[in-house]
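Following: one structure in structure tokens, then a few remarks.
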Amino acid sequence: QRGQLKSRLHQMLCVAFEEFQEKLISRYKGDKEKELRVSKTLSKAKSMADTFLLKSALKEACDENGDVDIANFLAQAHSFAEEMAEYSDLGSSHLSDPSFLMDGSTYKKCMRIMSEAGGGVAILQPEATTLIEMIKDPRFDPKIFLKSHGMEYFSDATLPGGCIEVKNPFLNIVVFTQHGRARELYTNQKLVDSGLADRFIPFFPPRAKEPSATPEKFNDEVLKNYEQKIMAMLERNYTQEKDRQIFTISVEPNARQEIENYRTEMKNVCDKYVHVDQFEFLSKLAGTASRIAGILHAWQYDKPHETLLSQQTMQAGIQITRVISDHAWHALSPSGFRAVADAKKILEWVRRHQYSFFTSREIAQGSGVKINEKIFPALDLLEQHNILTQHITPKKPRMCMMHPNFDYNS
């Protein structure tokens, strides 16, 4: 999307999340002020108690003549000190600032925030800029994203301030961005090699002259119900406790059979795909469908763990992933996102020389795109958009002809 539509859509969807974070911060400030008052009172009380206990110890250690038994005094003082230690931390929760939403950080700081926020945070951004900059950092370690995808235990001893650990990490990410920035998520080599690129679920809305839903056009009652539902879910489930309770959603037998059938279907589809990243995405699609069905189920029930996930809900999750798979093909295929930059170079070369006919060998010699592994996907992409036509003969350079109506001056 271009223009202000991303920001407006983000604003519309995130009102409840931002209001909840403001409430958290307000509560936290109130609790900290109360904690500070209690701490000061306890400090004064402890000082008074220390003085009293030392006097008592001294009294206990004195004999009838007023002489002090030093060993007895030290023993009494040590006993009183141990007793006071049990109360030294009374009233101090030591909770960190609530960080439900995170924006602009390094991956190490992200891990620290997650460990202090009960195990996870959310990234909701109208642009993916800060997320992409974090990922593009040469020091970026994808472990935090990979572990959070499956809520797997992780620890890290390389952070300033000592080792951290999170038992059930989660990192929910939603960004609205333009194609150019989205491409960086799917072409970053570190993300591709680690398998992280195919964990980002893409959706590219169709181009439209007028947005079908904006804050001005959206049904006020529907939007209000949405905000109330989100707020209630957050109030019910948010915690900073590391040992938070984890609930499990069970599924109906028919729903389980539905997802198993889909898993088998995807396995058969994967056998037909030779490109590794498409294969990786499709192989995970049944799991993605289960997650989406779980989200839909949690939206339907306040206590989703007390109701079985239905076959209808599982079918809805599967149907959504069928739509997503077409978008993923564009994001992950060689002639999709990854070929765009090379296709642009070839078009610049064609316009510069006003070529109507050329070969892949001539492209390699003059366009700046030098190897067939990049040339062929770029040509396939241009052909998909009806910009040129290819004649392909095995083991020979490809013959290309520009569309008769191609505009060489645009």
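The values are calculated or read from the model by the stated rules, or taken from the named source; none is laboratory data. Just so you know, these numbers come straight off a predicted model, no measurement behind them. Don't worry about glycine lacking a Cβ; one is built from the backbone with ideal geometry, like all the others, and counts go over all protein chains shown. Protein only, heavy atoms only, side chains kept; ligands, DNA and RNA dropped before computing areas. Shrake-Rupley method; radii C 1.70, N 1.55, O 1.52, S 1.80 Å.
The residues of segment 358-396 that are farther than 16 Å from residue 345 by Cβ, in contact with a Lys or Arg (Cβ under 6 Å, 6 or more places away or on another chain) and part of a loop (DSSP other than H, G, I, E, B) amount to a single one, 392.
As a summary of the residue check, residue 331 satisfies the conditions (1) surrounded by fewer than 20 Cβ atoms within 10 Å (Cβ to Cβ); (2) under 22 Å from residue 371 (Cα atoms); (3) among the small types (Gly, Ala, Ser) except for the one numbered (1).
Give the residue, chosen from 319, 300, that is within 27 Å of residue 384 (Cβ to Cβ), open to solvent by 90 Å² or more (accessible area, probe 1.4 Å) and under 26 Å from the mean Cα position of the chain (by Cα).
Values: 300 fails: within 27 Å of residue 384 (Cβ to Cβ).
Result of the check over 319, 300: 319.
Got at least one residue in segment 153-170 being open to solvent by less than 40 Å² (accessible area, probe 1.4 Å) and in contact with a Pro (Cβ under 8 Å, 6 or more places away or on another chain)? Scanning segment 153-170 turns up at least one residue that is open to solvent by less than 40 Å² (accessible area, probe 1.4 Å) and in contact with a Pro (Cβ under 8 Å, 6 or more places away or on another chain).
Scan the strands (runs of 3 or more DSSP E) fully inside segment 97-185 and keep the ones with 1 or more residues being charged (D, E, K, R).
Working: elements: 120-125, 154-156, 164-166, 170-175.
It comes to 154-156, 164-166.
Just one of (1) assigned to a loop (DSSP other than H, G, I, E, B); (2) at pLDDT below 80 fails for residue 201. It is (2). Among the residues making up segment 237-271, those that are open to solvent by 100 Å² or more (accessible area, probe 1.4 Å) and either among the basic types (Lys, Arg) or touching a Cys at 6+ places or on another chain (Cβ under 8 Å) (or both) are 242, 256, 263, 267. Scanning segment 362-409 for residues that are among the aromatic types (Phe, Trp, Tyr) and closer than 24 Å to residue 330 by Cβ gives 376, 406. Applying the set (1) hydroxyl-bearing (Ser, Thr, Tyr); (2) open to solvent by less than 70 Å² (accessible area, probe 1.4 Å); (3) at pLDDT below 85 to residue 148 leaves exactly one unmet item: (3). Within the bounds of segment 217-238, is there any residue that is closer than 21 Å to residue 311 by Cα and not charged (D, E, K, R)? Looking for residues that are closer than 21 Å to residue 311 by Cα and not charged (D, E, K, R), one finds none in segment 217-238, hence no.
Taken as a whole, segment 328-344 holds at least one residue that is within 30 Å of residue 248 (Cβ to Cβ) and out of contact with any Asp or Glu (no Cβ under 7 Å at 6 or more places or on another chain).
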